[in-house]
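Have a look at the structure below, then the notes.
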Ligand code: 4AD
Ligand code: MG
């Protein structure tokens, strides 16, 4: 058996009393032909391996280079040096894989996040990405834990679909037809009948529609999977491939939906705070250092940990779209024409600058906006009854987070068949394509609601990383699909 190692994180938690241990990892640095800083990915804290002078051959010492991998057996003893609690006195060192220090792209010095994106295959070996991806893992785990404790059923919705759940037409086509000789029908259109599935298909933009089928049988379900959007947005918060969590609940109205979303977000933040303290402290310091470069008015008012604590201890502000428009219209910011897109009035879609004004400047905490104009929201949202004349709204809700903007989008669903059909006809969605979706409204329809949390935006919020490309292992964005 090869793997009889202890992880460095667990080792560092022990009291060093001369125990013999075996560790394996990658060399971060090697000083004075004597001190190896060894890292195995379990923590940012390196283990100091001490090579006693004369105890190892010259040949072996030369092979101890940055990023070489090794197995070390020896005794742990209290460290004589400052900065670490223990040393591992190496009795036996085996190099598992050499690394040419001259060519290794990740030299032991500070690199920009932009540069690290170009070597995303190696960036996990840095402290920043070590912390980010351990926190990402913890959040993913906490999500399953939360829903499992609540009795939700985890549902795997399809990746390949024939429907556009959001009706926004931002889909990646899935096809095996030859590009250079696509078969055509009588009308000269591409003949998808000859395609793999016998119809036009795409990568899913959301698992919601299938999720509703599950909720109207199990009561409460959630999905957690990859979703794809072919929107040409090159921003710090858009990806073409991102992960989304979509709970869907029968017997829930909009308020129940908001309550669940708020409890859910607080739960997963708390989990990370309790289980990833060290990584979050590291990231908080990283963010503070990064913000020192910014002018005073661009810096966050709170540190990362302070912000997370604040979110745990304060409810989210809830207000209607209509009230939010008023606040922004009346703001000095708008009157002084500081918005790139001025607030024109009721009915306008909100730009991220408007959302951020509301959460960062006005309320200074997460905000849930609800009851949006029907015209700017998806077809499946429930039509409100008590609307002002000429201002039809739907029971939608978006959660806006400081520094990020929209993090959750959701709604109560239109459960009344005739209203849903009317809406679909109005905006030109063929009823026959979604016959299976409409069946839930035909056979035992119930009030129900759900939402989607963008996982990477959540990871951004918790880790304080400003660019979404730095919280997913291998980002897919317009013009970029390396690795
Ligand atoms: O608001 P969206 O489009 O809502 C839906 O897809 C609904 N079907 C959800 C539901 O009710 N079940 O997307 C939900 C969330 C957004 O709030 C945002 O956090 C994230 O998904 N999101 C993106 N994240 C990264 N890159 C993109 N291009 C994203 N588009 C949406
Ligand atoms: Mg949305």
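Bear in mind these aren't lab numbers, they're just calculated from the coordinates by the rules spelled out. Just so it is clear, the model here is predicted, and its values are computed rather than measured. All Cβ positions, glycine included, derive from the backbone under ideal geometry; neighbour counts span all protein chains shown.
If we sort 276-285, 339-348 on the protection proxy, mean other Cβ atoms within 10 Å, highest first, what's the order? The partial results should precede the final answer.
On the way: 276-285: 18.0, 339-348: 13.4.
Ranking the peptides 276-285, 339-348 by packing returns 276-285, 339-348.
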Review point. For the pair residue 473 and residue 291, how long in nm is the line joining their label points, each one 7 Å along Cα→Cβ?
Key: 3.1 nm
**Study point:** Segments 454-467, 214-227 sorted - mean Cβ within 10 Å per residue, highest first
**Key:** 454-467, 214-227
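Multiply the residue separation of residue 59 and residue 309 by 0.36 nm, subtract the distance between their alpha-carbon atoms, and state the gained length in nm to one decimal.
Details: separation 250, 0.36 × 250 = 90.00 nm, distance 5.18 nm.
Gain in length upon complete extension: 84.8 nm.
How high is the FRET efficiency from residue 98 to residue 168, r the C-beta distance, R0 41 Å, rounded to 0.05?
Values: r = 51 Å, r/R0 = 1.24.
So the FRET efficiency works out to roughly 0.20.
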Revision key, fill the gap. Asserting the computed 222 nm helical MRE of the chain (DSSP H runs at least 4 long, -39500 (n - 2.57) per run, divided by residue count, to nearest 500) equals -9000 deg cm²/dmol
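Would you mind calculating the gained length between residue 481 and residue 332 on full extension (0.36 nm times residue separation, minus the Cα-Cα distance), in nm to one decimal?
Details: separation 149, 0.36 × 149 = 53.64 nm, distance 4.24 nm.
In short, 49.4 nm is gained.
Between residue 118 and residue 339, what length comes free when the chain is fully extended (0.36 nm per residue of separation minus the Cα-Cα distance, one decimal in nm)? Show your work: numbers first, answer last.
Working: separation 221, 0.36 × 221 = 79.56 nm, distance 3.38 nm.
Result for the pair: 76.2 nm of gain on full extension.
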Exercise for review: Calculate how steeply helix 304-313 sits against the longest principal axis of the alpha-carbon atoms of the chain, using the helix alpha-carbon long axis, and give the answer as 0 to 90 degrees to the nearest 10.
Suggested key: 50 degrees
Revision key, fill the gap. Helix 208-218 sits off the longest principal axis of the Cα atoms of the chain, rounded to the nearest 10 on a 0 to 90 degree scale, by 90 degrees
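To the nearest 0.05, how large is the calculated FRET efficiency for residue 22 and residue 446 if R₀ is 56 Å and r is the Cβ-Cβ distance?
Working: r = 58 Å, r/R0 = 1.03.
Taking R0 as 56 Å, the efficiency between residue 22 and residue 446 is 0.45.
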Review point. Could you state the number of Å between the C-alpha centres of the stretch 8-58 and the stretch 329-366?
Key: 53 Å
Practice item. Working from Cα positions, state the angle (0 to 90°, nearest 10) between the long axis of helix 321-330 and the longest principal axis of the chain. Key: 80 degrees
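Efficiency by 1/(1 + (r/R0)^6): what FRET value for residue 111 and residue 278, r their Cβ-Cβ distance, R0 = 22 Å, to the nearest 0.05? Show your work: numbers first, answer last.
Working: r = 22 Å, r/R0 = 0.99.
In this case the efficiency is close to 0.50.
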